[in-house]
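The values are calculated or read from the model by the stated rules, or taken from the named source; none is laboratory data. All values reported here derive from a predicted model rather than from experimental measurement. Positions of Cβ are backbone-derived with ideal geometry, glycine not excepted, and every protein chain shown enters the neighbour counts.
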Amino acid sequence: MISNKKFLRPLAAFVVTATTVALLDGCSKPAGPQQMPPPAQVTVAPVEQKDIVEWNEFTGHAMPVESVEIRPRTSGYIQEVRFQSGQLVKKGDMLFVIDPRWNQAVYDQRKAQYDQTKSEADRIDLLLKNNAISTEEAGARKARFEEAKAALESAQLDLDYTEVKAPIDGRVSRALMTEGNYVSGNAGLASLLTTVVSVDPVYVYADIDEATLLKFNELVAAKKLGDDNGGKIPVELQLADETGFPHKGHIESFDNQLNADTGSILMRAIFPNDSGKIVAGLFARVRLPLSEKHEALLVDERAIGTDQASKFVLALTSSNTVAYQPVVLGPMYDGKRIVRSGLTAGEKIVVNGLARVRPGSPVTPQEETAAAPVETAKR
């Protein structure tokens with residue numbers, strides 16, 4: 001009789017072996033086909049070609065063309081103030097009246113003396129003809145008349161100076177001396193009454209760095225700037241609450257030497273200001289041209305990637321893949337970046353979705369809808 005234990009051992013070994021073979025057989029079967037993700041959606045736009053002038057931006061501050069301290073030319077008590085603080089005035093407008101009574105009395109006295117000496121002087125020829133006076137007396141009468149005439153003219157000036165008038169067109173400050181105060185008109189000690197600054201036009205000053213100055217001088221020497229404005233070099237200005245550069249002016253002068261401490265030179269530009277919006281003392285952005293008019297390629301700033309020290313864009317190929325394209329960049333212009341080299345006009349590049357794709361990746365391109373440019377020209 002066969003033992004059951006001897007029979008069960010080979011059976012158990014067979015089951016283990018069969019199970020192992022089945023598992024190995026299952027692992028060796030090929031997997032089913034894997035599903036690839038769809039191509040990434042990206043926004044593309046063509047490289048724009050445009051005639052431009054490149055600008056460089058600087059911080060400037062506005063100053064009046066004329067600024068006058070109003071001081072009296074005669075002493076006395078202020079009788080009247082005839083303006084409001086911050087008022088626009090014209091040349092010759094009355095600002096202050098100094099009590100004229102003392103000056104009027106002096107004038108009347110000088111006028112009486114003048115009239116008397118004039119009467120005596122008018123009879124000199126007749127008296128000499130009749131030998132009624134000597135030659136010495138005739139000379140003395142003439143001298144007294146000239147002295148009285150000069151004294152009358154001086155008194156007339158002092159009387160006129162009791163009316164303090166605006167010497168220029170502009171905006172007047174507040175009255176620093178008010179009614180009832182005594183003011184001095186003595187030279188060197190004259191009281192400050194107020195100030196008047198001109199409004200239109202206005203100067204704007206800016207410090208220009210050495211590299212910009214050299215480039216600018218090179219363009220001026222080559223006569224590549226200023227041909228469109230009678231030889232004047234155009235500059236543009238933007239106030240803090242403005243977009244773009246709506247104020248157009250021209251360069252008036254440069255200082256005569258570079259500041260060795262700052263490595264810059266002071267530029268002065270002049271701007272029309274009939275609206276009065278450019279207030280003296282305001283800070284503003286000033287830009288001046290650093291190229292002649294030329295064709296340039298422009299791309300959206302979002303399209304530019306950084307590869308260590310290099311810049312690149314991803315260009316759309318005919319097979320709807322993207323290709324790595326190194327570029328050399330220039331300054332900003334109208335919210336876009338100037339491309340010196342690496343692209344051609346009309347070539348489509350990725351402007352949105354740059355982080356989702358890699359060179360050679362298939363993409364689903366979508367054309368970007370046009371948006372109004374924002375003018376922010378800077379180097």
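Within the range 153-167, is even one residue over 60 Å from the mean Cα position of the chain (by Cα) and either surrounded by 17 or more Cβ atoms within 10 Å (Cβ to Cβ) or part of a helix (DSSP H, G or I) (or both)? No, the range 153-167 has no match at all. The residue list 178, 194 contains one member that is among the polar types (S, T, N, Q), within 38 Å of the chain's Cα centre (by Cα), within 23 Å of residue 80 (Cβ to Cβ) and exposed (fewer than 14 other Cβ atoms within 10 Å of the Cβ), which is 178. One residue stands out in the range 224-246 among those that are in contact with a Lys or Arg (Cβ under 8 Å, 6 or more places away or on another chain) and either at pLDDT 85 or above or among the aromatic types (Phe, Trp, Tyr) (or both): the one that is surrounded by the fewest Cβ atoms within 10 Å (Cβ to Cβ), namely 239. Given the criteria farther than 30 Å from residue 361 by Cα, over 29 Å from the mean Cα position of the chain (by Cα), at pLDDT 85 or above and of a type outside the set (Phe, Trp, Tyr), does residue 46 qualify? In short, no. Within the range 335-367, if we keep just the residues that are surrounded by fewer than 16 Cβ atoms within 10 Å (Cβ to Cβ) and within 32 Å of the chain's Cα centre (by Cα), the residue that is modelled with the lowest pLDDT turns out to be 335. For residue 103, are the conditions met, namely being modelled with pLDDT under 95 and either among the β-branched types (Val, Ile, Thr) or surrounded by 10 or more Cβ atoms within 10 Å (Cβ to Cβ) (or both)? The answer is yes for residue 103. Test residue 288 against the criterion of being closer than 30 Å to residue 215 by Cα and surrounded by 12 or more Cβ atoms within 10 Å (Cβ to Cβ), and give yes or no. It is true that residue 288 is closer than 30 Å to residue 215 by Cα and surrounded by 12 or more Cβ atoms within 10 Å (Cβ to Cβ).
Residue count for the range 168-185 satisfying the condition of being assigned to a strand (DSSP E or B) and of a type in the set (Val, Ile, Thr): 2. Taking the range 246-258 as the range and being assigned to a loop (DSSP other than H, G, I, E, B) and more than 16 Å from residue 61 (Cβ to Cβ) as the test, the residues that pass are 246, 256, 257, 258. Looking only at residues in the range 294-309 that are among the charged types (D, E, K, R) and surrounded by fewer than 14 Cβ atoms within 10 Å (Cβ to Cβ), the one that is nearest to residue 325 (Cα to Cα) is 307. Within the range 186-214, the set of residues being in a strand (DSSP E or B) and either of a type in the set (Phe, Trp, Tyr) or out of contact with any His (no Cβ under 9 Å at 6 or more places or on another chain) (or both) comprises 194, 195, 196, 197, 202, 203, 205, 207, 208, 209.
Once the range 197-217 is narrowed to residues that are aromatic (Phe, Trp, Tyr) and buried (at least 20 other Cβ atoms within 10 Å of the Cβ), the residue that is modelled with the lowest pLDDT is 216.
I'd like to check something: does the range 310-323 contain any residue that is of a type outside the set (S, T, N, Q), surrounded by fewer than 20 Cβ atoms within 10 Å (Cβ to Cβ) and assigned to a loop (DSSP other than H, G, I, E, B)? No, the range 310-323 has no match at all. Within the range 59-114, can you find the residues that are part of a strand (DSSP E or B) and of a type in the set (Ser, Thr, Tyr)? The answer is 59, 67, 77.
If residue 211 satisfies every condition in (1) in the same structural domain as residue 280 (by TED's automatic domain parsing); (2) closer than 24 Å to residue 68 by Cα but one, which is the exception? That leaves (2) as the condition not met. No other residue among 137, 147 is surrounded by 12 or more Cβ atoms within 10 Å (Cβ to Cβ), in a helix (DSSP H, G or I) and free of Cβ contacts under 8 Å to residues at least 24 places away in the same chain apart from 137.
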